[in-house]
Amino acid sequence: MSAKPINPILKQVLELGPTVVFFLIYLRIKDENYIIGGTEYSGFIVSAIVFIPILLVSMGILWALTRKLSRMQVFTAFMVIFFGGLTAYFNNKAFFMMKTTIVYGLFFVLLGIGLLRGQSWLQYVLGEFLPMENEGWMIFTKRLAVFFLVLALANEVIWRTQSEELWVTLETFAFPAVTFLFLWVNIVALQKYLIEEPKK
């Protein structure tokens with residue numbers, strides 16, 4: 001089923017909104033503790049648990065409007081549900097914080113496997129939206145693999161050595177902003193490899 005057009009601003013709100021809502025909820029209840037089912041949970045863990053249905057509702061609305069979800073969105077939702085569940089079950093915020101490390105680390109491994117096979121698996125995911133010569137995709141994939149490794153290592157260092165609030169802030173704003181900037185800079189730098197559609 002082909003995707004339906006959607007207002008780009010609304011699309012961004014649905015994609016980024018749940019993370020911002022998580023941040024706002026966390027700021028509101030970070031110093032509180034809640035008894036649920038006889039177990040005491042911190043404000044962070046409650047925020048992480050509440051984030052799951054918010055994300056799923058947002059993705060449901062996005063799917064209803066476009067009839068399409070990217071592989072990245074589905075994978076992200078799975079990871080949030082899985083690690084959010086572990087966080088709630090073990091009552092340990094480390095699982096939710098480690099999620100980011102594992103996601104970025106897995107991206108690094110997957111892209112690395114493709115590169116070792118002489119392939120750009122990134123092209124398989126994004127080729128439809130960004131027509132580019134194979135050489136450009138290989139360069140882009142190598143750079144992005146290294147970038148994901150750096151983010152994975154950075155997240156691991158940050159959540160283990162810095163405050164909970166700093167981690168939440170960086171997770172909500174810094175990581176997405178740095179990723180956007182990295183992608184924008186590289187797409188601009190690889191302009192010569194872009195394939196222009198023939199003029200009608």
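The values are calculated or read from the model by the stated rules, or taken from the named source; none is laboratory data. Bear in mind that the values here come from a model prediction, so they are computed numbers and not experimental data. All Cβ positions, glycine included, derive from the backbone under ideal geometry; neighbour counts span all protein chains shown. Accessible surface is based on the protein model in full, side chains and every heavy atom, while ligands, DNA and RNA are left aside. Shrake-Rupley method; radii C 1.70, N 1.55, O 1.52, S 1.80 Å.
In this structure, is Pro5 at pLDDT below 95 and open to solvent by less than 20 Å² (accessible area, probe 1.4 Å)?
The answer is no for Pro5.
Identify the residue in segment 48-86 that is surrounded by 14 or more Cβ atoms within 10 Å (Cβ to Cβ) and not in a helix (DSSP H, G or I) and, among all such residues, is modelled with the lowest pLDDT.
The extreme case among them is Ser70.
Being assigned to a loop (DSSP other than H, G, I, E, B) and under 29 Å from Val13 (Cβ atoms): is that true of Glu165 here?
No.
In this structure, does Trp167 turn out to be more than 25 Å from Phe51 (Cα to Cα) and either modelled with pLDDT of 95 or more or open to solvent by 80 Å² or more (accessible area, probe 1.4 Å) (or both)? So that I can check it myself, show each step before the final result.
On the way: more than 25 Å from Phe51 (Cα to Cα): no; either modelled with pLDDT of 95 or more or open to solvent by 80 Å² or more (accessible area, probe 1.4 Å) (or both): yes.
Here the answer is no, as Trp167 does not meet what is asked.
May I ask you to list the residues in segment 16-47 that are closer than 14 Å to Thr87 by Cβ and part of a helix (DSSP H, G or I)?
Phe22, Tyr26, Gly43, Phe44, Ile45, Val46, Ser47 - these are the residues of segment 16-47 that are closer than 14 Å to Thr87 by Cβ and part of a helix (DSSP H, G or I).
Every residue in segment 92-120 that is under 30 Å from Ile35 (Cα atoms), open to solvent by 60 Å² or more (accessible area, probe 1.4 Å) and of a type in the set (Val, Ile, Thr), please.
Matches in segment 92-120: Ile102 only.
Give all pairs with beta carbons closer than 7 Å in which a residue from segment 161-173 that is under 12 Å from Met97 (Cα atoms) meets a residue that is charged (D, E, K, R); count only pairs at least 6 apart in sequence or on separate chains.
Partner pairs satisfying both residue conditions: Glu165/Lys30.
Against the conditions (1) surrounded by 14 or more Cβ atoms within 10 Å (Cβ to Cβ); (2) part of a helix (DSSP H, G or I), where does Tyr89 fall short? Just the number, please.
Going through the list (1) surrounded by 14 or more Cβ atoms within 10 Å (Cβ to Cβ); (2) part of a helix (DSSP H, G or I), Tyr89 breaks only (1).
Search segment 134-164 for residues being under 13 Å from Gly114 (Cβ atoms) and in contact with a helix residue (DSSP H, G or I) (Cβ under 7 Å, 6 or more places away or on another chain), and hand back the single one that is most open to solvent (accessible area, probe 1.4 Å).
Step one: of segment 134-164, the residues under 13 Å from Gly114 (Cβ atoms) are 134, 137-138, 140-142, 144-145, 148.
Filter once more, so that each one left must be in contact with a helix residue (DSSP H, G or I) (Cβ under 7 Å, 6 or more places away or on another chain): 137, 140-142, 144-145, 148.
Working: Trp137: 1, Phe140: 5, Thr141: 0, Lys142: 116, Leu144: 8, Ala145: 5, Phe148: 21 Å².
So, considering only residues that are under 13 Å from Gly114 (Cβ atoms) and in contact with a helix residue (DSSP H, G or I) (Cβ under 7 Å, 6 or more places away or on another chain), the one most open to solvent (accessible area, probe 1.4 Å) is Lys142.
So Gln123 ticks every box in (1) touching a residue at least 24 places away in the same chain (Cβ under 8 Å); (2) open to solvent by 50 Å² or more (accessible area, probe 1.4 Å); (3) part of a helix (DSSP H, G or I) but one. Which box is left unticked?
(1)
Please go through (1) open to solvent by less than 70 Å² (accessible area, probe 1.4 Å); (2) assigned to a helix (DSSP H, G or I) for Leu130 and return the number of the only condition it doesn't satisfy.
Here Leu130 meets the rest and fails (2).
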